[in-house]
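Some notes on the structure that comes next.
The values are calculated or read from the model by the stated rules, or taken from the named source; none is laboratory data. Everything numeric in this text was worked out from a predicted model, so none of it was measured. Here the Cβ positions follow ideal geometry from the backbone for every residue, glycine too, while neighbour counts run over all protein chains shown.
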Amino acid sequence: GDSVTQMEGPVTLSEEAFLTINCTYTATGYPSLFWYVQYPGEGLQLLLKATKADDKGSNKGFEATYRKETTSFHLEKGSVQVSDSAVYFCALNNAGNMLTFGGGTRLMVKP
Amino acid sequence: NAGVTQTPKFQVLKTGQSMTLQCAQDMNHNSMYWYRQDPGMGLRLIYYSASEGTTDKGEVPNGYNVSRLNKREFSLRLESAAPSQTSVYFCASSAILPANEQFFGPGTRLTVL
């Protein structure tokens, strides 16, 4: 079946550092890929998405490129802020009714 | 717009007790979902409803029942709670299938003693 693997956290960075959170997936066909963010005490919010190979999703300074050759969708940001501290989830949808989530990666940004 | 709302926010049950988690959305979405979130395991789908009047099992349906009361409301019932059901429960909704952007509620933190 489909699966999503994320790097384990927590990831601790200083403000203005470069962020990469790795995400790889296993799926047949051509899934859509998503990054969701969960701030403390809240539900998940869609951060960005990509629906086909080589698409780049971007939002709030975050970017991720759909790489079918490496089955990856790594999340990047050039300069993180304290307000980016949250849990980030990579997910895929493979033409069905369900999202398959990775285990989540906690990011902590220190001033 | 309130988006997706869930009640209650917190609940403590004893083993064997029953309860219903309520979810409502005001975005006129056709599809609604119930997930549980456990540490280190991401979110797992319990049940979903593609449209009013239909429900289907997800990845982990055992021990749960659902009701799609109308287009706005989708409830999750635990008939006989077990400690393994201690988790954070999220309701979500989306406009179209296959699953496009899902909008999540704030969650219900449930502890079963």
Exercise. Would you mind finding the one in B:V12, B:V4 that is within 11 Å of chain A (Cβ to nearest Cβ) and either surrounded by fewer than 18 Cβ atoms within 10 Å (Cβ to Cβ) or closer than 15 Å to A:G43 by Cβ (or both)?
Key: B:V4
Practice problem: Looking only at the range A:31-53, count how many residues are surrounded by 13 or more Cβ atoms within 10 Å (Cβ to Cβ) and more than 15 Å from A:S85 (Cα to Cα). | Solution: 9
Practice problem: Run down A:A86, A:A95 and say which single residue is at pLDDT 95 or above, among the small types (G, A, S), out of contact with any His (no Cβ under 6 Å at 6 or more places or on another chain) and closer than 23 Å to B:W34 by Cα. | Solution: A:A86
Exercise. Only one of these is of a type in the set (G, A, S) and free of Cβ contacts under 8 Å to residues at least 24 places away in the same chain: B:S67, B:S18, B:S75. Name it.
Key: B:S67
Quiz item: Among A:E16, A:E8, which is at pLDDT 90 or above, assigned to a loop (DSSP other than H, G, I, E, B) and out of contact with any Cys (no Cβ under 6 Å at 6 or more places or on another chain)?
Solution: A:E16
Exercise. Run down A:A17, A:A53 and say which single residue is touching a residue at least 24 places away in the same chain (Cβ under 8 Å) and more than 14 Å from A:T105 (Cβ to Cβ).
Key: A:A17
Quiz item: Which number in (1) more than 12 Å from every other protein chain (Cβ to nearest Cβ); (2) touching a Lys or Arg at 6+ places or on another chain (Cβ under 6 Å); (3) under 16 Å from A:A91 (Cβ atoms) marks the one condition that A:Y66 misses?
Solution: (2)
Self-check item: Candidates A:T28, A:T65, A:T12, A:T71 - the one that is touching a residue at least 40 places away in the same chain (Cβ under 8 Å) and surrounded by 13 or more Cβ atoms within 10 Å (Cβ to Cβ)
Solution: A:T71
Practice problem: Could you list all residues from the range A:31-48 that are facing another protein chain (nearest Cβ under 7 Å) and either under 11 Å from A:L75 (Cα atoms) or of a type in the set (G, A, S) (or both)? | Solution: A:G43
Practice problem: Please work out if A:E42 is of a type in the set (D, E) and within 27 Å of B:E59 (Cα to Cα). | Solution: yes
